[in-house]
1. Do we find a residue being without any contact (Cβ under 8 Å) to a residue 40 or more places away in the chain and either among the small types (Gly, Ala, Ser) or not in a helix (DSSP H, G or I) (or both) anywhere in the range 49-57?
2. Quick one: which of Ala18, Ala28, Ala115, Ala70 is small (Gly, Ala, Ser), part of a helix (DSSP H, G or I), in the same structural domain as Gly137 (by TED's automatic domain parsing) and surrounded by 10 or more Cβ atoms within 10 Å (Cβ to Cβ)?
3. For the range 73-112, which positions are among the basic types (Lys, Arg) and in a helix (DSSP H, G or I)?
4. Looking at Phe88 and the list (1) surrounded by fewer than 10 Cβ atoms within 10 Å (Cβ to Cβ); (2) over 17 Å from Glu120 (Cα atoms); (3) at pLDDT below 95, which single condition is not satisfied?
5. Taking only pairs six or more apart or across chains, which ones have beta-carbon atoms under 7 Å, a first residue in the range 115-138 that is on the phi < 0 side of the Ramachandran plot, and a second residue that is assigned to a loop (DSSP other than H, G, I, E, B)?
6. With the requirement that a residue be among the hydroxyl-bearing types (Ser, Thr, Tyr) and within 19 Å of the chain's Cα centre (by Cα), what does the range 29-74 give you?
7. Ala99: surrounded by 10 or more Cβ atoms within 10 Å (Cβ to Cβ), outside the structural domain of Asn141 (by TED's automatic domain parsing) and of a type outside the set (Lys, Arg), yes or no?
8. Within the range 125-136, is even one residue in a loop (DSSP other than H, G, I, E, B), at pLDDT below 95 and under 20 Å from Glu82 (Cβ atoms)?
Amino acid sequence: MLLEVSKSGLLGLARGRAIRAEYMAQRAEASVEAIIAEANAKIADAQAIITQTENQNAALEARIRELDDALAVQKAHAGGLEAQVKAFVAQHPDSPLRADSGLRFIKTGNTKSKARLIYEGAFDAILRGFGIQDPSGRRAN
């Protein structure tokens, strides 16, 4: 059996292969486009998360600045009160507020004055107002 090859047969075979190649290229292109679209959607999602995080960070940084300012004011207030107390003690060394209350500091054993008990009462009451259950653990005791 002899195989005959004609020009039209070869052209038909070539056309068929070209059509198949074009079809495969279109499928590959569609697949690449789908992958690109999915990647772009994920990039957009990530960018939204980044933007949200940056906004949250900016808000937190602003809050930290506010709290730093408030802390500085409270430290200045405490320093002013300490200066007043030192001046009072210097001018009134025999004040009954400086008298021994009969209580001692746990760590040092030093006496607590009556003025110290007034301080501790106010300190503890203020911290309890902020929901702190054991304020004595936050001060020298």
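The values are calculated or read from the model by the stated rules, or taken from the named source; none is laboratory data. None of the values given here were measured: they were computed from a predicted structure. Reconstructed Cβ throughout: ideal geometry from the backbone, glycine too, with neighbour counts over all protein chains shown.
1. No: zero hits.
2. When all the criteria are applied, what remains is Ala115.
3. Hits for the range 73-112 are Lys75, Lys86, Arg98.
4. Of (1) surrounded by fewer than 10 Cβ atoms within 10 Å (Cβ to Cβ); (2) over 17 Å from Glu120 (Cα atoms); (3) at pLDDT below 95, only one is false for Phe88: (1).
5. Pairs found: Glu120/Arg139; Phe123/Arg139; Arg138/Ile132.
6. Thr51, Thr53
7. Working: surrounded by 10 or more Cβ atoms within 10 Å (Cβ to Cβ): yes; outside the structural domain of Asn141 (by TED's automatic domain parsing): no; of a type outside the set (Lys, Arg): yes.
Spelling it out, it is not the case that Ala99 is surrounded by 10 or more Cβ atoms within 10 Å (Cβ to Cβ), outside the structural domain of Asn141 (by TED's automatic domain parsing) and of a type outside the set (Lys, Arg).
8. Scanning the range 125-136 turns up no residue that is in a loop (DSSP other than H, G, I, E, B), at pLDDT below 95 and under 20 Å from Glu82 (Cβ atoms).
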